[in-house]
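What follows is one structure encoded as structure tokens, with my remarks underneath.
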Amino acid sequence: MTTSARTRIVGAPVPRKEGIDKLLGRARYIDDIEREGMWVGATVRSTIPRGLIRSINFDQRIDWTEFTIVTAADIPGTNCIQLIFADQPCLADGIVNHCDEAIVLLAHPDKHKLRDGVEAVQIEYELLPAVHTIEESERQETIIWGADNLLKSFLLEKGDVDSVWADAAHIVEGEYRTGAQEHLYIENNGVIAEWSETDGIIVWGSLQCPYYVHKSLLSVFDLPEDKVRVIQTETGGAFGGKEDYPSTLAAHAALLAMKSGHAVKMVYDRMEDLAATTKRHPSRTRHRTALDKDGKLLAMDIELATDGGAYATLSSTVLSRATLHSPGPYVCPNVRVRSHAWATNTVPYGAFRGFGAPQAIFAVERHMDEIAAAIGFDPIELRRRNFLHDGDTTATEQMMRDPVILDQLLDRALLESDYHAKRKRFARENATSAVKRGMGIAAFYHGSGFTGSGERYLNSLAGIDVTPEGKVRVLVANTEFGQGTNTILSQICAEAIGIGYDDVIMAPVDTHVVPNSGPTVASRTSMVVGRLIERASHQLVAMLREDAGLGEHFESDEFFAACERYRSVHGEVVSLCRYEAPPNVFWDDQKYRGEAYPAFAWSVQVAQVAVDTVTYSAEVEDFWAVQEVGRVLNPVLAGGQIEGGIAQGIGYALYEKVVLQNGHMANNQMTNYIMPTAEDVPPIHVFFEEIPFQHGAFGAKGIGELPHDGPAPAILNAIRDATGVSFNAIPLLPEDLFAQLATQPVVAEAAAL
Amino acid sequence: MSHRHGTIRFRVNGESRAIDAAPMKRLLDVLREDLHLTGTKEGCGEGECGSCSVRMNGELVNSCLVPVLQAEDADIQTVEGLCAGGALHPLQQAFLDCGGAQCGICTPGMLMAATQLLSINPHPGMAEIREGLAGNLCRCTGFKRIFDSVIAAAANDQPSTRQAAHAR
């Protein structure tokens, strides 16, 4: 299906707005920026997972008069990073709750002397018992957070699962685990801060959410809004990893700037970034599923637990999204999801592309294949019988009002991948080969935008203005970090007004310049913020027609001439719009019932995997992804989002393992935290079906997170297809394959079943 | 290991430069701090990610692993030296057209690795492209559009036909 709307710029592969600067090497990332008289800042961190700070000692061999030293005692406002709960200190004060927690900050003009200074601060602790795993936390023998270690829990109920077990034809149970995952943006976290009595704080940084940083700084420094200014610099990848952490880092640099009287730069090196910043939540999901004799789902009882780390940060909202994605894209009359986020003494886990959905979808999509095997069904057929369709309701009783085309996506995925013929061929070849090949699929949705009433609480404001130089400027706090914000929003604006793509520029993301259009997260930018820009653009044209004599049809020069006429009367040419929720949307936060998301993006992915039973390596040989994301605004950027997300998903499944030793990341280097390289990523075939969504910009829904949800279950399903052996935990490294395949021989005819 | 400064001479992007630096200072830091050529990026500081890739005497090196004393008399090319006379280098144009750059932080190093590859092998096959770029990590793209960019530059292809293929 394609859209009938004719557009000139939306839907076209226009070049990336900031592309030339990036290609010439002149785009300015945080570490490329110098300020006059700038010092460098560094952090002294805890080396234990939990304990009381007994003393902080400064080695007498260092001349400390050259340094600026900051501890919790120097914080002028509240010692707390403001996010959802106010439990995380900006600097540890008396107690540490995880390794690599910041205790002391140092600044010095010389980065080499600064390093010596960090080495010369010794901290004495009184050790307290620490909690390292979900299981230890839920036993509640050692309480490390609140009264019960429980950061958040949800109960989602539809129908009555317990009424079903006795009469079910089949009951299938399974447990699935996912590990932590590091974002591994190639640019580490970094900021520069300045302080003055007159202007307050200015922070430049590599970050996703300038107004999150702004809010946190107001509280740490107890300053009025206009005395804190946050400016995003070119950002070298984020993926969720620069959603909450920059609030902490910005506060650190600003404390040093305030006390030293100098601009202070803090840019982490790779080891510090890996050890001290957020990662994807590890998870454990248990499924108990009842089916009738025809393979129709009768009940899904799901228990989902995440490891949240030492402070609450974003764990509640990650758990929410995990909960809402855990039943998968299926119709089931009886669903119960009990979910819990547990505290442990590790660096707090945070936002990462998918935000809980990849964990939940790994479990449900792996479980569907286990069900198929247990009841003697084809995994494709089992899914088909249970897919959601238009008019069905989800586990939150949200009715699918817009078209749901899972069958169509599945058919296309099977066709493009030649799934059935390949499965048959591999089954034949596997019998006599040491390399076993298999095909696996995953089907899933990803909710676009904030959950439930989230967008209404955000109440985003965005818009455009017109510069005296004759450019329309997009005014948003939404950040570009590779995904295409600048380009997409410029396309939407140019299309809606009827001017050229080159007539539109982006305002700097500076809290003194742009309104709070909400964070750049949750696949919301194209759909929600894009819609605001579309509306603001139409509004500006209407203003110019009314007040400045703009005709029905116009060229760019006539448009800008009308803008100048408007300016001469009104002083400025600005058009802002505030978020308006789609009508008839109901969400009950207490019962977790109603419209969980304004829209869903849908996908079916297929992985072809080869398992070498001599070396125990698993290789993804080929990959197909078919998706429906509403209108595709820019095919090159959209394709790039899907391919990049799949590559990260392949890493999540087969390569990337965070090794914790006593709560500290032991492999905090690119040498031993391994991501897929140019030689590891398979050919990725991307196909879009387009169904415009009426409340998204030019029909767009969310796209960025969707592709990361599917590769892990598709790949492990393919490995089961290849070997007949079930693997239910990721990352799945060669040693894990060895451990299980060596004791549980490959079933040669498995794939032929 | 001596930290005493000395004068080191080399050519960067065709220009002769004399630097007063500690001999063990990383070439990466000399480029960025002394010469203000900040197009070359640091990603890991241990030669794994390739963000700091530059060409030195016709070889691709990780400038974070090269002490500047090794660059004495060398010919060095950085991303700033790719584009001659204001027009984009064919690789830069291809990256722009094909979507080879997203966040852009690996891009300078990736461009240098691709330049090196095409200088040795003007028409590489897919396996050779993968091998040639294997030392440069990109976390955004999944590499596919980087491969497309290299193929387009090698073929001096008309990018519009390539984009039609992506747009399906």
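The values are calculated or read from the model by the stated rules, or taken from the named source; none is laboratory data. For clarity, every value in this text was computed on a predicted model and none was experimentally measured. For neighbour counting, all protein chains shown are included, and Cβ atoms are generated from backbone atoms with ideal geometry for every residue, glycine included.
For B:Cys83, are the conditions met, namely being at pLDDT 95 or above and at the interface with another protein chain (Cβ under 7 Å from one of its Cβ atoms)? Walk me through it before giving the result.
On the way: at pLDDT 95 or above: no; at the interface with another protein chain (Cβ under 7 Å from one of its Cβ atoms): yes.
So B:Cys83 fails the test.
Here are some residues: A:Ala107, A:Ala92. Which one is touching a helix residue (DSSP H, G or I) at 6+ places or on another chain (Cβ under 6 Å), assigned by TED's automatic domain parsing to the domain that holds A:Lys259 and not acidic (Asp, Glu)?
On the way: A:Ala92 fails: touching a helix residue (DSSP H, G or I) at 6+ places or on another chain (Cβ under 6 Å).
A:Ala107 is the lone residue from the list that is touching a helix residue (DSSP H, G or I) at 6+ places or on another chain (Cβ under 6 Å), assigned by TED's automatic domain parsing to the domain that holds A:Lys259 and not acidic (Asp, Glu).
Each row is one residue, and each column tells you yes or no for (1) assigned by TED's automatic domain parsing to the domain that holds B:Arg139; (2) within 30 Å of A:Ala12 (Cα to Cα).
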| position | (1), (2) |
| --- | --- |
| B:Glu15 | no, no |
| B:Ile19 | no, no |
| B:Gly39 | no, yes |
| B:Leu60 | no, no |
| B:Ala94 | yes, yes |
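Working only within the stretch B:24-54, note down all residues that are surrounded by fewer than 23 Cβ atoms within 10 Å (Cβ to Cβ), touching a strand residue (DSSP E or B) at 6+ places or on another chain (Cβ under 8 Å) and among the basic types (Lys, Arg). Answer for the stretch B:24-54, where residues must be surrounded by fewer than 23 Cβ atoms within 10 Å (Cβ to Cβ), touching a strand residue (DSSP E or B) at 6+ places or on another chain (Cβ under 8 Å) and among the basic types (Lys, Arg): B:Lys25, B:Arg26. Filtered by the rule that a residue be part of a loop (DSSP other than H, G, I, E, B) and either within 11 Å of another protein chain (Cβ to nearest Cβ) or touching a Cys at 6+ places or on another chain (Cβ under 9 Å) (or both), the stretch A:633-655 gives a lone residue, A:Asn634. Selection within the stretch B:43-65: residues that are hydrophobic (A, V, I, L, M, F, W, C) and under 24 Å from A:Asn667 (Cα atoms). The member of this set that is farthest from the other protein chains (Cβ to nearest Cβ) is B:Leu65. A count restricted to the stretch A:670-700 and to residues that are under 22 Å from the mean Cα position of the chain (by Cα) and within 11 Å of chain B (Cβ to nearest Cβ) stands at 10.
Candidates A:Ile69, A:Ile81, A:Ile30: the one that is within 14 Å of chain B (Cβ to nearest Cβ) and within 24 Å of A:Ser196 (Cα to Cα) is A:Ile30.
Here the condition is being of a type in the set (Phe, Trp, Tyr) and surrounded by fewer than 22 Cβ atoms within 10 Å (Cβ to Cβ); of A:Phe693, A:Phe738, A:Phe698, it holds for A:Phe738 alone.
I'm trying to understand the selection: among the residues of the stretch A:317-358, which are among the basic types (Lys, Arg) and more than 15 Å from the chain's Cα centre (by Cα)? Talk me through it step by step, then tell me what you get.
The initial filter retains those residues of the stretch A:317-358 that are among the basic types (Lys, Arg), namely A:321, A:336, A:338, A:353.
The answer is A:Arg336, A:Arg338.
Please work out if A:Glu679 is part of a loop (DSSP other than H, G, I, E, B), of a type in the set (Asp, Glu) and farther than 25 Å from A:Ala275 by Cβ.
Values: part of a loop (DSSP other than H, G, I, E, B): yes; of a type in the set (Asp, Glu): yes; farther than 25 Å from A:Ala275 by Cβ: yes.
So A:Glu679 fits the description; yes.
Of all residues in the stretch A:228-262, which are within 14 Å of chain B (Cβ to nearest Cβ) and either part of a helix (DSSP H, G or I) or not small (Gly, Ala, Ser) (or both)?
Restricting attention to the stretch A:228-262, the residues satisfying the condition of being within 14 Å of chain B (Cβ to nearest Cβ) are A:232-242.
A:Gln232, A:Thr233, A:Glu234, A:Thr235, A:Phe239, A:Lys242 - these are the residues of the stretch A:228-262 that are within 14 Å of chain B (Cβ to nearest Cβ) and either part of a helix (DSSP H, G or I) or not small (Gly, Ala, Ser) (or both).
When restricted to residues that are within 14 Å of chain A (Cβ to nearest Cβ) and either in a loop (DSSP other than H, G, I, E, B) or over 13 Å from the mean Cα position of the chain (by Cα) (or both), the stretch B:108-123 contains 0.
Given the residues A:Val264, A:Val337, which is the only one that is over 16 Å from A:Gly205 (Cβ atoms), modelled with pLDDT of 95 or more and touching a helix residue (DSSP H, G or I) at 6+ places or on another chain (Cβ under 9 Å)?
Working: A:Val264 fails: over 16 Å from A:Gly205 (Cβ atoms).
Every option except A:Val337 fails the conditions.
Please verify whether the stretch A:167-178 includes one or more residues that are surrounded by fewer than 22 Cβ atoms within 10 Å (Cβ to Cβ) and within 30 Å of A:Thr677 (Cα to Cα). Write out each step before concluding.
Of the residues in the stretch A:167-178, the ones surrounded by fewer than 22 Cβ atoms within 10 Å (Cβ to Cβ) are A:167-175, A:177.
Next, only the ones that are within 30 Å of A:Thr677 (Cα to Cα) stay: A:177.
Yes, some residue in the stretch A:167-178 is surrounded by fewer than 22 Cβ atoms within 10 Å (Cβ to Cβ) and within 30 Å of A:Thr677 (Cα to Cα).
So for the stretch B:132-144 (the condition being within 12 Å of chain A (Cβ to nearest Cβ) and more than 24 Å from A:Phe623 (Cα to Cα)), does at least one residue qualify? No - not one qualifying residue is present in the stretch B:132-144.
Taking the criterion of being more than 11 Å from chain A (Cβ to nearest Cβ), of a type in the set (D, E, K, R) and in a loop (DSSP other than H, G, I, E, B), would at least one residue in the stretch B:71-79 satisfy it? Don't jump to the end; show me each part of the working.
Of the stretch B:71-79, the ones more than 11 Å from chain A (Cβ to nearest Cβ) are B:71-77.
Now restrict to residues that are of a type in the set (D, E, K, R): B:72-73, B:75.
Now drop any that are not in a loop (DSSP other than H, G, I, E, B), which leaves B:72-73.
Within the stretch B:71-79, one or more residues are more than 11 Å from chain A (Cβ to nearest Cβ), of a type in the set (D, E, K, R) and in a loop (DSSP other than H, G, I, E, B).
If you go through the stretch A:265-310 one residue at a time, how many are in a strand (DSSP E or B) and among the polar types (S, T, N, Q)? Summing the residues that are in a strand (DSSP E or B) and among the polar types (S, T, N, Q) in the stretch A:265-310 gives 4.
For the stretch B:81-102, the count of residues that are of a type in the set (D, E, K, R), within 18 Å of the chain's Cα centre (by Cα), under 30 Å from A:Arg16 (Cβ atoms) and not in a loop (DSSP other than H, G, I, E, B) is zero. Only one residue in A:Asn57, A:Asn97 is loosely packed, with under 15 Cβ neighbours inside 10 Å and assigned by TED's automatic domain parsing to the domain that holds A:Ile123, so which one is that? Result: A:Asn57 is the single residue among A:Asn57, A:Asn97 that is loosely packed, with under 15 Cβ neighbours inside 10 Å and assigned by TED's automatic domain parsing to the domain that holds A:Ile123. Is the stretch A:117-131 home to any residue that is under 30 Å from the mean Cα position of the chain (by Cα), at pLDDT 95 or above and within 30 Å of A:Ser320 (Cβ to Cβ)? The answer is yes, given that some residue of the stretch A:117-131 is under 30 Å from the mean Cα position of the chain (by Cα), at pLDDT 95 or above and within 30 Å of A:Ser320 (Cβ to Cβ). Being within 10 Å of another protein chain (Cβ to nearest Cβ), part of a loop (DSSP other than H, G, I, E, B) and touching a residue at least 60 places away in the same chain (Cβ under 8 Å) is a description that applies to B:Thr40.
Here is a list: A:Ile20, A:Ile95, A:Ile30, A:Ile53. Which entry is aliphatic (A, V, I, L, M) and without any contact (Cβ under 8 Å) to a residue 40 or more places away in the chain?
A:Ile20
Within the stretch A:313-324, does at least one residue satisfy the condition of being touching a helix residue (DSSP H, G or I) at 6+ places or on another chain (Cβ under 6 Å) and either of a type in the set (Val, Ile, Thr) or farther than 30 Å from A:Ser163 by Cβ (or both)? Scanning the stretch A:313-324, I find no residue that is touching a helix residue (DSSP H, G or I) at 6+ places or on another chain (Cβ under 6 Å) and either of a type in the set (Val, Ile, Thr) or farther than 30 Å from A:Ser163 by Cβ (or both), so the answer is no.
When residues of the stretch B:24-37 are filtered for being of a type in the set (A, V, I, L, M, F, W, C) and part of a helix (DSSP H, G or I), how many remain?
The initial filter retains those residues of the stretch B:24-37 that are of a type in the set (A, V, I, L, M, F, W, C), namely B:24, B:27-28, B:30-31, B:35, B:37.
Applying the additional criterion that residues be part of a helix (DSSP H, G or I) yields B:27-28, B:30-31.
Looking only at that region, the number is 4.
Would the stretch A:707-725 turn up any residue that is in a loop (DSSP other than H, G, I, E, B) and of a type in the set (Asp, Glu)? Can you show your working first?
Residues of the stretch A:707-725 in a loop (DSSP other than H, G, I, E, B): A:710, A:724-725.
From the residues that got through so far, the ones that are of a type in the set (Asp, Glu) too are none.
Checking the stretch A:707-725: not a single residue is in a loop (DSSP other than H, G, I, E, B) and of a type in the set (Asp, Glu).
Considering A:Ala169, A:Ala130, A:Ala180, A:Ala147, which residue is farther than 30 Å from A:Met258 by Cβ, among the small types (Gly, Ala, Ser) and free of Cβ contacts under 8 Å to residues at least 12 places away in the same chain?
On the way: A:Ala169 fails: free of Cβ contacts under 8 Å to residues at least 12 places away in the same chain; A:Ala130 fails: free of Cβ contacts under 8 Å to residues at least 12 places away in the same chain; A:Ala180 fails: free of Cβ contacts under 8 Å to residues at least 12 places away in the same chain.
Going through A:Ala169, A:Ala130, A:Ala180, A:Ala147 in turn, just one is farther than 30 Å from A:Met258 by Cβ, among the small types (Gly, Ala, Ser) and free of Cβ contacts under 8 Å to residues at least 12 places away in the same chain: A:Ala147.
Of all the residues in the stretch A:8-27, those that are farther than 25 Å from A:Glu689 by Cβ and more than 9 Å from chain B (Cβ to nearest Cβ) number 1.
In the stretch A:542-565, the qualifying residues are those that are in contact with a helix residue (DSSP H, G or I) (Cβ under 9 Å, 6 or more places away or on another chain) and surrounded by fewer than 18 Cβ atoms within 10 Å (Cβ to Cβ), and the one that is nearest to A:Ala477 (Cα to Cα) is A:Ser556.
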